[in-house]
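Enquirer: Have a look at the structure that comes next, please.
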Amino acid sequence: MVKARALGLGVALLAVVAGAGCQDLRARQFLKTGNDHYRKGEYQPAVDAYRQAEAIRPDIVQVHLHQAYADLSLFIPGDAAPANQQVAKDAIDAFNRYLKLRPNDEKIRQIMIQTLIDSGRYDDALNFFKAKLEQNPKDLEAIKALGVISSKAGRFEDGLGWYERRTQVTPNDPEAFYAIGTLCWERLYQRSDKAGEERVKLADRGILALKHAVELKPKYVEAVTYINLLYRERALGQPEESEERAKDLEQARYFHQMALGLRGLATQPASQPASGPASAPAADKKGAKGAKGAKAVKGARAAEKAGKKGK
């Protein structure tokens, strides 16, 4: 009797193991079918096959990752159509299922975050990086990401705030201050409706940051170029035919000439505007140690003296 029961239990156990083996085989067959479709560029049939595999064996890591990639291949960034947004959601959900099984895969996490951004799910992306910042308030990559995502989401002031926080974490990094300047210029360039004092103040915010970038990196030609561009945007905030607008344009020409000099393209040294010193970047002050810097400063001073004599 005991032997019969033991035999029956053994047979039942074998049946369970055999059944599990068959299920595993079926799941892997669906996975293989999905991979075959994916390689042929047949992404929807691939997704369907991966879903069938997942229904049988949700613990197979590759099922979720491959499904996410197949869904992502169907997604069109910038398309707000409901069907396209659903595809993006399916890809994000699949990435999340994969990351629960492989939580340390940072490469896939970054792809998922980019998908959140590309599909306009900015709040989800922001919340992810804010959570990282709570763990480490000086997480530079999280601060950078928050600035970029906020800007993409059209939340300019939030984005600018994160850019400025970056300068607090890395006060000696010229790139951090340069980023503020370019963000301010982009805002003004795209928003011609911003006028008057509001436009001038935002331009000043960017100019101040860029000049500090040049203090940290004297031959920072890109920063000098954007100072020129910001003075032009600042001029648009001044009354037409006004002395203030003329001064801003004069400053713009000065920094444009300075940028050409730093690139070795200037036909003559940059000369100080007649309206007064332009708070010249450190390139003009410290560059005198080199031959080019000395010539630029000497030429600027000579031009200024000549202007006074002419008067």
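We did not get these values from a lab; they are worked out from the coordinates using the rules stated. As the structure is a prediction and not an experimental result, all values here were calculated from the model. Cβ placement follows ideal geometry from the backbone for every residue including glycine, while neighbour counts extend to all protein chains displayed.
Enquirer: Would you mind pulling out the separation of the Cα centroids of the stretch 111-168 and the stretch 176-217, in Å?
Expert: So the separation of the two Cα centres works out to 20 Å.
Enquirer: Using 7 Å Cα-to-Cβ label points, what is the residue 198/residue 101 separation (nm, one decimal)?
Expert: For residue 198 paired with residue 101, the spin-label model returns 5.2 nm.
Enquirer: Could you list the trypsin sites (Lys or Arg not before Pro) in the stretch 34-130 that lie in coil according to DSSP, counting only those with at most 11 other Cβ atoms within 10 Å of their Cβ? Don't skip to the end; give the middle numbers.
Expert: Numbers: sites: 39, 40, 51, 89, 97, 100, 107, 109, 121, 130; in loops: 40, 121.
Sites meeting the loop and neighbour criteria: 40.
Enquirer: Could I ask something else about it? Structure shown: which of 211/247; 107/132; 107/130; 100/152 lie over 24 Å apart, alpha-carbon to alpha-carbon?
Expert: Table pairs above 24 Å Cα-Cα are 100/152.
Enquirer: Would you calculate the separation in nanometres between label points at residue 168 and residue 263, each defined as 7 Å from the Cα along the Cα-to-beta-carbon direction?
Expert: 3.6
Enquirer: Which order results if 169, 221, 47, 63 are arranged by neighbouring Cβ count within 10 Å, fewest first?
Expert: 169, 221, 47, 63
Enquirer: Using 0.36 nm per residue, how much length does the chain from residue 28 to residue 79 gain when fully extended, once their Cα-Cα distance is taken away?
Expert: Gain on extension, residue 28 to residue 79, equals 15.0 nm.
Enquirer: Please work out whether the stretch 158-220 counts as rounded, prolate or oblate from its C-alpha gyration tensor, where a ≥ b ≥ c are the square roots of the eigenvalues and a/c under 1.5 means rounded, while otherwise a/b larger than b/c means prolate and anything else oblate? List each step's numbers first, then the result.
Expert: Working: a/c = 2.48, a/b = 1.70, b/c = 1.46.
It comes out prolate by the Cα gyration axes.
Enquirer: Can I ask one more? Given 0.36 nm per residue, what is the gain on full extension from residue 158 to residue 86 after removing their alpha carbon distance, in nm? It would help to have the intermediate numbers written out before the result.
Expert: Values: separation 72, 0.36 × 72 = 25.92 nm, distance 2.82 nm.
This chain segment gains 23.1 nm when fully extended.
Enquirer: Same structure again: So if we plug the beta-carbon distance of residue 190 and residue 136 into 1/(1 + (r/R0)^6) with R0 = 41 Å, what FRET efficiency do we get, rounded to 0.05?
Expert: Using R0 = 41 Å, I get an efficiency of 0.80.
Enquirer: Compute the Cα gyration tensor for the stretch 27-120, then decide on rounded, prolate or oblate, letting a ≥ b ≥ c be the square roots of its eigenvalues: rounded whenever a/c is under 1.5, prolate when a/b is larger than b/c in the other cases, and oblate in all that remain.
Expert: Oblate, since a/c reaches 1.5 and b/c is not below a/b.
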